[in-house]
Amino acid sequence: MIDQKILDEIQEYINLHLNIVELEEIKYTESLERYVLEDIRFQNELEEFINTNRQPTLKELLFSFIDQKGATDPEIYKKAGIDRKHFSKIRTSENYSPRKNTVISLALALELNQTETELLLSSAGYSLSESDTTDLVIKFCIDKGIYGLQDINEALEYFSLQPLGNVL
């Protein structure tokens, strides 16, 4: 038979280890709560940042420019050398992002100035580069008020560059 002293020592051992486990559980729980609170704060800050800094989408901006110019959709997509189905995809697909040349063609069809063109391109994740010959030809044409797709394509072809849209 086990002596009472051993039983008392076992009880003390169990109590000591149970307290450690409980203490570790408390620390873990507090740590988890702190992590969850930090995560919630981060998510709130992130949402606030996004809401504060979000710019209009390409779709929103494009149709805003079309309305401002008093143009119709067919006028713009025909002038841009874009077919009706492609233009419809831009209008109806929430996350569709057309190619850079398509956005440039739309900016030219709308006869946007340099700032408006950059804004439209930026809304699609693009920009006109100072180190790209095609972009420089387009910037030059916009600065000079040359918006005709055929004229711009002739200028691009003169420098052996790819034309915009389907119009040559």
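Scanning region 131-158 for residues that are over 14 Å from Thr117 (Cβ atoms), in a helix (DSSP H, G or I) and free of Cβ contacts under 8 Å to residues at least 24 places away in the same chain, we see that the one that is farthest from the chain's Cα centre (by Cα) is Tyr158.
Can you go through Ser129, Ser93 and tell me which one is surrounded by fewer than 12 Cβ atoms within 10 Å (Cβ to Cβ) and in contact with a helix residue (DSSP H, G or I) (Cβ under 7 Å, 6 or more places away or on another chain)? Don't jump to the end; show me each part of the working.
On the way: Ser93 fails: in contact with a helix residue (DSSP H, G or I) (Cβ under 7 Å, 6 or more places away or on another chain).
Exactly one of Ser129, Ser93 is surrounded by fewer than 12 Cβ atoms within 10 Å (Cβ to Cβ) and in contact with a helix residue (DSSP H, G or I) (Cβ under 7 Å, 6 or more places away or on another chain), namely Ser129.
Of the numbered criteria (1) part of a helix (DSSP H, G or I); (2) surrounded by 16 or more Cβ atoms within 10 Å (Cβ to Cβ); (3) of a type outside the set (Ser, Thr, Tyr), the one Pro163 fails is (1).
Pairs meeting the criteria (first residue in region 92-114 and in contact (Cβ under 8 Å) with a residue 60 or more places away in the chain, second residue assigned to a helix (DSSP H, G or I) and of a type in the set (Ser, Thr, Tyr), beta carbons under 8 Å, at least 6 apart or on different chains) are Ile104/Thr117.
Of the residues Leu119, Leu61, Leu112, which single one is more than 15 Å from the chain's Cα centre (by Cα) and either in a helix (DSSP H, G or I) or modelled with pLDDT of 90 or more (or both)?
Working: Leu119 fails: more than 15 Å from the chain's Cα centre (by Cα); Leu61 fails: more than 15 Å from the chain's Cα centre (by Cα).
Of Leu119, Leu61, Leu112, the one residue that is more than 15 Å from the chain's Cα centre (by Cα) and either in a helix (DSSP H, G or I) or modelled with pLDDT of 90 or more (or both) is Leu112.
One residue alone among Glu47, Glu75, Glu60 is acidic (Asp, Glu) and more than 24 Å from Lys139 (Cα to Cα), and that residue is Glu47.
The values are calculated or read from the model by the stated rules, or taken from the named source; none is laboratory data. Not measured: the values here are computed from a predicted model. A quick note on method: Cβ atoms are made from the backbone with ideal geometry, for glycine too, and the neighbour counts reach across all protein chains shown.
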